[in-house]
1. Test of understanding: among G45, G25, which residue is under 13 Å from the mean Cα position of the chain (by Cα), small (G, A, S), at negative phi and in a loop (DSSP other than H, G, I, E, B)?
2. Does region 72-126 hold any residues that are surrounded by 15 or more Cβ atoms within 10 Å (Cβ to Cβ), on the phi < 0 side of the Ramachandran plot, out of contact with any Phe, Trp or Tyr (no Cβ under 6 Å at 6 or more places or on another chain) and part of a loop (DSSP other than H, G, I, E, B), and which are they?
3. As an exercise: evaluate Q52 against (1) part of a strand (DSSP E or B); (2) modelled with pLDDT of 95 or more and give the number of the one condition it does not meet.
4. If you go through region 76-95, how many residues are in contact with a strand residue (DSSP E or B) (Cβ under 6 Å, 6 or more places away or on another chain) and within 9 Å of L122 (Cβ to Cβ)?
Amino acid sequence: MELTQIRLLVSDFPAVYRFYRDVLGLKPQFEAESGPYAKLSPAGGQAAIALQDRAQMAAVLGQLGSEPEGSRSLVVLRVDDLDAAHAELTSRGAEFTRDPGPMGDRIRVAYLEDPAGNLIELQEWLALHGSDVRARQL
């Protein structure tokens with residue numbers, strides 16, 4: 001078994017697509033602002049976020065529950081400089097639910113939501129993980 005992707009089911013596809021493309025700055029594999037499917041990646045990253053129109057998936061399945069309330073997923077993006085990323089995304093219209101701050105002694109985080117209510121965590125690593133330290137010493 002191989003995991004190929006995780007998709008976010010969204011009701012307002014164009015708004016969510018523009019958020020990931022224009023506000024977060026992820027690059028679409030192909031232009032698909034009107035949906036029903038898109039895959040977007042950070043610059044130089046191999047990981048991707050896939051979006052699927054909720055109504056289209058409901059038609060495929062014959063049913064799909066109503067839009068969930070509250071955060072149902074968490075997208076985590078690592079950044080080199082959390083304060084710079086926070087300032088840049090704020091200038092693009094992002095509204096943060098929690099400004100940059102520590103989470104333990106190894107990372108700093110900030111949180112915002114996409115237009116579908118999916119929670120997004122930006123994290124800056126302050127200390128390397130043990131395996132990363134050993135790999136750099138070799």
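1. Values: G25 fails: at negative phi.
Answer to the selection: G45.
2. S73, V79, A94, A116, N118
3. (2)
4. So the count comes out to 7.
The values are calculated or read from the model by the stated rules, or taken from the named source; none is laboratory data. Everything quoted here is computed from the prediction, not taken from an experiment. Quick reminder, even Gly has a Cβ in these numbers, built from the backbone with ideal geometry, and neighbours come from all protein chains shown.
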